[in-house]
Amino acid sequence: MPAEPASTAGEPRSAAAEPAPAQGPAPAPLGHVLLLGGTTEARRLAEALARRAPYRVTTSLAGRVAAPVLPPGEVRIGGFGGPVGLAEWIAAHGVTHLIDATHPFAERMSFNAAAAARSSGLPLLALRRPGWTPGPGDDWTFTDSLAGAAAALPSLGGRAFLTTGRTGLHVFAELTETWFLVRSVDPPAGAAPPRLEVLLARGPFGLDEERELLARHRIEVLVTKDSGGSATAPKLTAAREAGIPVLVVRRPPVPSGVAEAGSVEAALRWLETGGGRAGSA
């Protein structure tokens with residue numbers, strides 16, 4: 001015999017369940033948000049919109065990671081074919097708001113988004129976590145590019161922890177005397193430095209892990225991009241504690257004229273005000 005359904009707390013159990021009250025159709029969404037994702041902030045924004053905002057949301061991922069952590073809502077994976085292809089996708093799918101929440105160093109995608117938004121007449125927001133700033137005890141050297149980092153690296157140390165991403169390894173391929181440790185989710189491909197050890201791992205990584213890694217591999221210099229955020233910041237703390245210099249690649253600017261938000265909360269406010277200019281929060 002099937003089990004009798006449990007009664008709701010505080011209500012009597014009835015032999016004949018009353019029919020559920022009729023419900024009207026779900027409210028129409030206020031618009032279709034295309035979220036260019038791939039970052040923690042993009043996933044958090046997708047989660048927030050799934051919980052509270054009456055929008056249809058599609059997150060687009062570049063597909064560079066073999067097994068990405070998928071956000072809630074609709075997801076598409078792969079490129080658009082430049083700004084023209086992005087504008088065509090926007091028109092075909094009724095997109096009303098475009099949010100660029102890609103990595104701060106995904107410069108080409110950001111400029112494609114700006115061009116597509118202009119041609120489509122769409123409001124565009126760049127969601128960018130604030131960058132890092134050195135504090136007391138930090139020994140940081142700044143450069144404007146990976147090529148600049150490769151030129152400056154030999155003078156800072158012979159054993160480098162390179163955290164600038166696996167796709168830029170070819171820039172360091174000519175540094176034959178430097179030993180490199182690279183940590184990435186997927187194995188790197190293409191040209192790379194000859195003295196290279198690859199550690200396959202997915203973050204975030206805690207401070208104790210970063211301390212142990214720097215000590216175990218006898219790291220002499222840390223090379224990183226100014227990605228910002230707290231998820232990858234423990235390596236900077238560990239480097240400061242160990243007296244290790246840090247070579248920092250500055251992030252490219254957001255395209256001219258694009259509204260910018262520094263937090264998920266600011267991005268939500270931008271949507272709530274109809275896609276007006278949002279300040280960092």
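The values are calculated or read from the model by the stated rules, or taken from the named source; none is laboratory data. Bear in mind the structure is a predicted one, so any value in this text is a computation, not a measurement. Glycine gets a Cβ as well: all are built from the backbone with ideal geometry, and neighbour counts include every protein chain shown. With ligands, DNA and RNA removed, areas are computed over all heavy atoms of the protein, side chains included. Shrake-Rupley method; radii C 1.70, N 1.55, O 1.52, S 1.80 Å.
Assorted remarks:
- Here the calculated FRET efficiency for Thr237 and Glu88, from their Cβ-Cβ distance with R0 = 41 Å, stands at 0.35, rounded to the nearest 0.05.
- In this simple spin-label model, placing a label point 7 Å from the Cα along the Cα-to-Cβ direction at both His217 and Leu200 gives a separation of 1.6 nm.
- Accessible area of the range 128-281 belonging to carbon and sulfur atoms, whole % at 1.4 Å probe: 52 percent
- Listed candidates [x] 33, 21, 17; [y] 45, 19, 18; [z] 42, 26, 18 - label of the one calculated as semi-axes √(5λ) of the Cα gyration tensor in Å: [z]
- Peptides 170-183, 93-106, ordered by how many other C-beta atoms sit within 10 Å of their residues on average, highest first, read 93-106, 170-183.
- Per-pair calculated FRET efficiency, R0 = 51 Å: Ser145 and Arg51 via Cβ, rounded to 0.05: 0.80
- Long-range HN-HN contacts of Gly38 with modeled amide H, under 5 Å: Arg43
- Applying the Karplus relation 6.51 cos²θ - 1.76 cosθ + 1.60 with θ = phi - 60° to the range 208-218 yields 3J(HN,Hα) values of 4, 4, 5, 4, 5, 5, 4, 6, 5, 9, 6 Hz, where x marks Gly and Pro.
- A 1.4 Å probe run over the chain, with the rest of the protein chains in place, finds 53 Å² accessible per residue.
- Net charge over other residues, Cβ less than 10 angstrom from the Cβ of Gly228 (K, R count +1; D, E count -1): +2
- Computed with the Debye formula from one identical point scatterer per Cα of the range 40-171, without solvent, the log10 of I(q)/I(0) at q = 0.20 Å⁻¹ comes to -1.25.
- Hydrodynamic radius of the range 205-281 per Kirkwood, over alpha carbon pairs, in Å: 14.9 Å
- Spatial separation of Cα centroids for the range 117-190 and the range 191-243, in angstrom: 12 Å
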